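Asker: Would you mind keeping the following structure in view while I ask a few things?
We did not get these values from a lab; they are worked out from the coordinates using the rules stated. Just so you know, these numbers come straight off a predicted model, no measurement behind them. Here the Cβ positions follow ideal geometry from the backbone for every residue, glycine too, while neighbour counts run over all protein chains shown.
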Amino acid sequence: MAESPDNSAGRAASEPLPGAADVVVVGAGAIGLATAYELSLRGVDVVVVERDALGAGTSSGNAGFVVPSHVLPVTEPGMLATAVRGMLRGGGPVTVKASLRLGYLGWLARFLGNCRAAAVAAAAPVLAELGNLSAGLYKRWLGAERIECCYAPNGLLHVYGDARAFAAGRHRAEWEGRFGVPSQVMTPSQAREREPALNDAVAGAVFYPRDAGLDPGRFVSGLASVLKRRGVRLACNTAVLDARMRSGQVRALLTSRGEIRTEQVVLAAGSWTPALAAKCGSRIPIQPAKGYSVTVRMPRRALRQRMLLGEKHVAVAPMGDRLRLSGWFELGRFDRALPKARFAQVEASVRSRLHLDAELVNAERWAGFRPVTPDGLPIIGRAAAPNLAFACGHAMLGLTLAPATGRLTAQTLCGQQPDLDIGPLSPARFQ
Ligand SMILES: Cc1cc2nc3c(=O)[nH]c(=O)nc-3n(C[C@H](O)[C@H](O)[C@H](O)COP(=O)(O)OP(=O)(O)OC[C@H]3O[C@@H](n4cnc5c(N)ncnc54)[C@H](O)[C@@H]3O)c2cc1C
């Protein structure tokens with residue numbers, strides 16, 4: 001695999017580094033910040049350490065979908081076939097990097113072992129519970145803390161361009177219904193009523209009324225401001241380089257700006273977590289899956305509905321006066337390249353279903369890395385070192401599941417009964 005991307009070189013941090021904290025959270029993405037917030041609600045003294053600028057990981061440029069409907073894990077059985085088809089076509093929306101690295105091959109074998117109906121059906125209720133907890137917490141947090149982030153609870157429309165894909169979409173919705181996910185099958189004209197910018201190349205759609213969305217960059221920066229007001233210390237542009245261990249416990253983290261002594265550590269570093277885990281004597285199986293987004297000024301014919309273009313695997317997300325298009329799932333790619341061809345493919349996919357201006361303006365191009373586990377479930381809970389916890393591995397649902405993850409992690413660290421059974425999410429399942 002390519003060397004992991006790191007933007008932090010040459011950036012100076014201004015505030016002095018705290019020398020000690022009850023809890024150090026590593027990573028200021030949605031998951032790390034949500035964890036720090038829930039810890040602060042419990043009166044815990046927290047420092048968040050972030051290698052780069054706030055939100056520089058994967059939490060800012062994503063599609064911003066908050067989708068409790070998404071109970072189908074990334075290990076869905078059709079995944080491999082889609083990847084192979086894409087690769088034979090020379091780069092479809094889902095690809096798997098070819099590499100002979102033993103660790104990577106071992107991870108792939110485990111992943112493929114979970115691309116089975118029974119494994120997926122076992123994961124679905126876990127994701128459903130997490131998603132429902134998170135959706136409720138989003139409403140509570142955004143209201144209580146007045147975080148302005150274009151939150152819009154107006155559902156998600158899965159749009160399909162041909163009869164076969166539409167049939168698969170209906171089948172998926174029926175299956176999701178078994179896990180309590182409500183949905184409504186729509187004709188092309190009903191879909192166009194919800195989103196008039198859809199063109200005639202629509203065979204049908206499925207609407208998920210309980211879903212929502214927001215501008216993830218504004219959510220991350222808004223939550224960070226709340227944390228600062230609550231006295232949580234944020235040490236940005238500060239990389240954790242190593243851990244000082246004693247008697248099997250983490251005693252201090254060694255950073256690029258000095259040492260922080262601590263009672264407990266939470267690793268919430270997304271796709272970068274395995275390297276940090278190794279420094280603390282633990283192994284966790286996460287592979288990055290690279291994806292892209294381009295954010296443009298809202299076209300003249302403004303879009304109002306958040307959409308997923310089914311067989312195209314592309315998300316369309318209105319965010320106030322901007323529109324974000326995102327997609328691609330390149331398993332095993334870990335580099336910051338922004339190939340023009342990818343953005344052209346994403347835009348072409350969207351143009352094939354929607355009326356857009358001839359030219360999209362103010363394009364901001366971005367790439368991020370979904371942290372994927374072999375069973376498609378996040379890793380939440382304590383590791384072998386009793387004062388080390390993980391909050392990572394959320395794949396394509398990290399924004400959706402951030403509040404629930406923060407709450408469950410804080411409850412675990414504070415010795416409280418977690419709201420949900422976190423047994424299926426334990427890092428121990430991979431030992
Ligand atoms: C194209 C795309 C679209 C997506 N759309 C959605 C969506 O619509 N809805 C959804 O729910 N999810 C979506 N996701 C997934 C979601 O973005 C991720 O699951 C989520 O951002 C992961 O959050 P995180 O906090 O775990 O990691 P990150 O946001 O990556 O944060 C980890 C942080 O750790 C820091 N770090 C790493 N190493 C160190 C170190 N040594 N010392 C200090 N700090 C360190 C990094 O700099 C980074 O800021 C999408 C992902 C992609 C790529």
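Asker: For VAL250, enumerate residues with amide H under 5 Å from its amide H, sequence gap 5+ or separate chain, H modeled in the peptide plane.
Answerer: ASN387
Asker: Hey, another quick one. To test your reading of the geometry: what angle, between 0 and 90 degrees and rounded to tens, separates the Cα axis of helix 117-145 from the longest principal axis of the chain?
Answerer: Helix 117-145 sits roughly 80 degrees off the main axis of the chain.
Asker: Per residue of the stretch 262-275, what does 6.51 cos²θ - 1.76 cosθ + 1.60 with θ = phi - 60° give for ³J(HN,Hα)? Whole Hz please, x for Gly and Pro, Karplus curve as stated.
Answerer: Whole-Hz 3J(HN,Hα) from phi for the stretch 262-275: 7, 8, 9, 10, 10, 8, 10, 9, x, 5, 8, 5, x, 5.
Asker: Between ARG301 and ASP321, what is 0.36 nm times their sequence separation minus the Cα-Cα distance? Round to one decimal in nm. Don't skip to the end; give the middle numbers.
Answerer: Working: separation 20, 0.36 × 20 = 7.20 nm, distance 1.17 nm.
Additional length available on full extension: 6.0 nm.
Asker: Right, next: Between VAL185 and ARG101, what is the spin-label point distance in nm, taking each point 7 Å from the Cα along the Cα→C-beta axis?
Answerer: Calculated label separation equals 4.4 nm.
Asker: Okay, next question. What does the highest-first list of 119-126, 339-346 look like by mean Cβ count within 10 Å?
Answerer: Top of the packing list down: 119-126, 339-346.
Asker: I'd like the Karplus ³J(HN,Hα) series for the stretch 47-52: coefficients 6.51, -1.76, 1.60, θ = phi - 60°, whole numbers in Hz, and an x wherever there's a Gly or Pro.
Answerer: With the stated coefficients, the stretch 47-52 comes to 10, 9, 10, 10, 5, 10 Hz.
Asker: What 222 nm value per residue comes from the helices of the chain, counting each DSSP H run with n ≥ 4 as -39,500 (n - 2.57) and dividing by all residues, nearest 500 deg cm²/dmol?
Answerer: The per-residue figure over the chain is -9500 deg cm²/dmol.
Asker: Using alpha carbons only, how many angstrom separate the centre of the stretch 180-195 from the centre of the stretch 40-77?
Answerer: Going from one Cα centre to the other spans 29 Å.
Asker: Among the lysines in the chain, how many pairs, 8 or more places apart or on different chains, have alpha carbons under 22 Å apart?
Answerer: Total qualifying Lys-Lys pairs in the chain comes to 7.
Asker: Moving on. Work out from phi, with θ = phi - 60° and the Karplus expression 6.51 cos²θ - 1.76 cosθ + 1.60, the ³J(HN,Hα) of each residue of the stretch 384-395, listed in order in whole Hz, and give x for Gly and Pro.
Answerer: 4, 6, x, 9, 10, 10, 10, 9, 6, x, 8, 6
Asker: Could you tell me how many degrees, from 0 to 90 and to the nearest 10, lie between the Cα long axis of helix 340-351 and the main elongation axis, the longest principal axis, of the Cα atoms of the chain?
Answerer: The angle comes out near 50 degrees.
Asker: Follow-up question, since we're still on this one. Evaluate the distance, in nm, between pseudo-label points positioned 7 Å from the Cα of ALA201 and of ARG110 along their respective Cα→Cβ axes.
Answerer: Going from the ALA201 label point to the ARG110 one covers 4.0 nm.
Asker: Note the full-extension length gain between ASN154 and ARG42 as 0.36 nm times their separation in residues minus their Cα-Cα distance, in nm to one decimal. Before the final figure, lay out each step's value.
Answerer: Working: separation 112, 0.36 × 112 = 40.32 nm, distance 3.20 nm.
Result: 37.1 nm gained on full extension.
Asker: Still on this model: Taking only Cα atoms, what is the 0 to 90° angle, nearest 10, from helix 163-177's long axis to the longest principal axis of the chain?
Answerer: 50
Asker: Could I ask something else about it? With +1 on each Lys and Arg Cβ and -1 on each Asp and Glu Cβ, how big is the dipole of the chain about its Cα centre, in debye rounded to the nearest 20? Don't skip to the answer; put the middle values down first.
Answerer: Details: 51 positive and 34 negative charges, 75 e Å.
The dipole magnitude comes to about 360 debye.
Asker: Classify the stretch 114-204 as rounded, prolate or oblate from the Cα gyration tensor: take a ≥ b ≥ c as the square roots of its eigenvalues, call it rounded if a/c is under 1.5, otherwise prolate when a/b beats b/c and oblate if not.
Answerer: oblate
Asker: Per residue, what volume in Å³ does the convex hull of the Cα atoms of the chain enclose?
Answerer: 134
Asker: Take ARG365 and ALA81, extend 7 Å from each Cα along the Cα→Cβ direction, and tell me the distance between the two endpoints in nm.
Answerer: Taking the simple label geometry, ARG365 and ALA81 are separated by 3.3 nm.
Asker: Taking 45 Å as R0, compute the FRET efficiency from the Cβ-Cβ separation of MET245 and LEU88 and round it to 0.05.
Answerer: Efficiency for this residue pair is about 0.45.
Asker: About the Cα centre of the stretch 80-165, what is the dipole size in debye to 20, counting +1 per Lys and Arg Cβ and -1 per Asp and Glu Cβ, all else neutral?
Answerer: Working: 10 positive and 4 negative charges, 73 e Å.
Dipole about the Cα centre, nearest 20: 340 debye.
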